[in-house]
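Read through the structure below, which is laid out as structure tokens, and then see the notes.
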Amino acid sequence: MNPELLRNVDNIAREKNIDRESILCDLEAAMESATRKHFGPDKEVEVRIDRENGEVLATLDGEQIDIKKLGRIPAQTAKQVMIQKLREDERGSIFAEYQERVGEIVAGTIGRHEGGTTIVNLGRAEAILPRSEQIPGETLHPGERLRAMIYEVKEVPNHIKIILSRSHPDFIRRLFEQEVPEVADKVIEIKALAREAGYRSKVAVTSTDGKVDAVGACVGVRGSRIKNIVDELGGEKIDIVRWNESSQIFIGNALRPSEIREIALCFELNRATVAVSEDQLSLAIGKRGQNVRLAARLTNWDIDILTPTEHTKGLEILIKTLREVESVDDTLIDKVMALGVISVLDLEEIGAEPLVQALEIEEELAVKMAKAAGNEARRLAESKKAGTAAQEVLAKEAENKKPEEPAEIMSDKKESGLLSLLSSEPINVEASPEESSDSSPTPDQTESEKETPVTSDDKDTSTKID
């Protein structure tokens, strides 16, 4: 009997989380390999370990031999083969374990830095936190405890590559599951999430229980729950938005704390034109475009921000242009505006085919309407009208930007709607990434403040977000 062998196998299996039977099979294969190498490759060798008492039974060409008498060199060979097989088994065990945990939050200790990559010790394995998955501006020191989400697990030659992330939007989702029991219990559901890591995030929530206030539960008493999440993210601002099945209501909630006058939805272009008063313009846009940009990502709608005057002017130009088309009356114009078309450029982008299908008009008339809108849009573009009020806010912010701040070029995608008609050139605005706020909600907050428990004086860069 050899009970010590079985005890060692059990210890290895427990420490390295490897199946006991797999280790015994590896031992048998290692001893067979060493014996065959000792006697020659043409010999028939078989080694079996009794699972009950640990006794090793070896045969050579059908005759039993004492494997202990083979000498030092075969023993060393068996040891090397066994170590290699155990490492392979351990890598397989680590891969299987962490592959199942992709998307979960794990805690580890920061080990060292290799260039921009941070090595994190998770206990059984080391993981990497690439610079691209770190929160911008965050400083990580060796020896500190760190929480991150397992983003990807790869099996590469000789080791397992575990990639962590702290900048992924799902990292915030997992933090809410840990800090808010109602989210973990599925009483509160996170419907949508948009994030610019290190700066600001918007989270749309709804409750499956009418007695539970989704926004209030996520904020917590005196902001205790949301504060824990903000602290973990290094001060990143988080807006809690109430989700609604109505796109108009949802877009209005997503643009809070600004007050919305009117929202026109164009389903053909997936565009929402939002009218806000002059005093709410900067609040709706947000600092460096973050409020409107995140709202667009959260709702999956392209959002244009206009003042009521600009909105009315766009409609007047559209109505005047369509009235010049033969066979177009006020009833047909109302139907066109009911499609969410509020400018001649919108009508040009839609084209004739949707008009034929939605309004049930003749194709020839639809082509004339689209052509007239296109001509008027080009005329307005050539006239080089001044930019909208929203664009002026952005341009002024760009002029006042401190030159020593690091710059981040915001999106310069093609503008749509009235914005591109009334602007001679698209405005590219540089923005600095520095933005922080430690404010937290109190019981005396208004409803809009509860929607955005971590607030700021946001003034942003983009009035049109794709």
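The values are calculated or read from the model by the stated rules, or taken from the named source; none is laboratory data. Quantities reported herein were computed from a predicted structural model and do not represent experimental measurements. Neighbour counts are summed over all protein chains in view; Cβ atoms, including those assigned to glycine, are modelled from backbone coordinates with ideal geometry. These accessible areas exclude ligands, DNA and RNA; they are computed on the full protein's heavy atoms, side chains included. Shrake-Rupley method; radii C 1.70, N 1.55, O 1.52, S 1.80 Å.
Filtered by the rule that a residue be surrounded by fewer than 18 Cβ atoms within 10 Å (Cβ to Cβ) and under 18 Å from ARG378 (Cβ atoms), segment 317-332 gives LYS320, GLU324, VAL325. Keeping to segment 361-374, report how many residues are in contact with a helix residue (DSSP H, G or I) (Cβ under 7 Å, 6 or more places away or on another chain) and assigned to a loop (DSSP other than H, G, I, E, B). Adding up the residues that qualify gives 1. Can you tell me which residues in segment 200-220 are over 24 Å from ARG297 (Cβ atoms) and touching a residue at least 40 places away in the same chain (Cβ under 8 Å)? Residues satisfying the conditions are GLY216, GLY220. Checking the stated criteria, ILE190 turns out not to satisfy the condition of being touching a residue at least 24 places away in the same chain (Cβ under 8 Å) and open to solvent by less than 50 Å² (accessible area, probe 1.4 Å). All conditions but one from (1) out of contact with any strand residue (DSSP E or B) (no Cβ under 6 Å at 6 or more places or on another chain); (2) surrounded by fewer than 15 Cβ atoms within 10 Å (Cβ to Cβ) apply to VAL9; the one that does not is (2). Filtering segment 251-262 to residues that are over 20 Å from ALA338 (Cβ atoms) and in contact with a strand residue (DSSP E or B) (Cβ under 8 Å, 6 or more places away or on another chain) leaves ASN253, ALA254, LEU255, ARG256.
Per-residue answers, yes or no, for (1) acidic (Asp, Glu); (2) over 13 Å from VAL153 (Cβ atoms); (3) touching a strand residue (DSSP E or B) at 6+ places or on another chain (Cβ under 7 Å):
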site	(1), (2), (3)
ARG91	no, no, yes
TYR98	no, no, yes
ILE105	no, yes, yes
ARG112	no, yes, yes
THR117	no, yes, yes
ALA127	no, no, yes
PRO130	no, yes, yes
GLU138	yes, yes, no
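Which numbered condition trips up THR117, out of (1) over 30 Å from ILE67 (Cβ atoms); (2) touching a residue at least 40 places away in the same chain (Cβ under 8 Å); (3) surrounded by 14 or more Cβ atoms within 10 Å (Cβ to Cβ)? Here THR117 clears every test but (2). Among the residues making up segment 347-360, those that are out of contact with any Ser or Thr (no Cβ under 9 Å at 6 or more places or on another chain), open to solvent by less than 100 Å² (accessible area, probe 1.4 Å) and either hydrophobic (A, V, I, L, M, F, W, C) or in a loop (DSSP other than H, G, I, E, B) (or both) are ILE350, GLY351, ALA352, LEU355, VAL356, ALA358, LEU359.
GLU133 fulfils the conditions (1) modelled with pLDDT under 90; (2) buried (at least 19 other Cβ atoms within 10 Å of the Cβ); (3) of a type in the set (Asp, Glu) except for a single criterion, (1). So which residues in segment 86-105 are within 32 Å of the chain's Cα centre (by Cα), of a type outside the set (S, T, N, Q) and surrounded by fewer than 18 Cβ atoms within 10 Å (Cβ to Cβ), if there are any at all? Passing the criteria: ARG91, GLY92, ALA96, GLU97, GLU100, ARG101, VAL102, GLY103, GLU104.
Can you confirm whether segment 291-311 contains a residue that is closer than 25 Å to VAL205 by Cα, in contact (Cβ under 8 Å) with a residue 24 or more places away in the chain and small (Gly, Ala, Ser)? Yes; the residues of segment 291-311 include at least one that is closer than 25 Å to VAL205 by Cα, in contact (Cβ under 8 Å) with a residue 24 or more places away in the chain and small (Gly, Ala, Ser).
Among ILE83, ILE163, ILE172, which is the only one that is of a type outside the set (Phe, Trp, Tyr), surrounded by 14 or more Cβ atoms within 10 Å (Cβ to Cβ) and over 18 Å from VAL230 (Cα atoms)? Going through ILE83, ILE163, ILE172 in turn, just one is of a type outside the set (Phe, Trp, Tyr), surrounded by 14 or more Cβ atoms within 10 Å (Cβ to Cβ) and over 18 Å from VAL230 (Cα atoms): ILE163.
Just to verify a result, which residue in segment 154-173, among those that are in a strand (DSSP E or B) and among the hydrophobic types (A, V, I, L, M, F, W, C), is farthest from ILE128 (Cα to Cα)? Reasoning before the result, please.
The first filter runs over segment 154-173 and keeps only residues in a strand (DSSP E or B), leaving 154-156, 159-165.
Applying the additional criterion that residues be among the hydrophobic types (A, V, I, L, M, F, W, C) yields 156, 160, 162-164.
On the way: VAL156: 14, ILE160: 11, ILE162: 6, ILE163: 5, LEU164: 6 Å.
My answer is VAL156.
On the stretch given as segment 333-346, residues that are open to solvent by 10 Å² or more (accessible area, probe 1.4 Å) and more than 15 Å from GLU268 (Cβ to Cβ) total 1.
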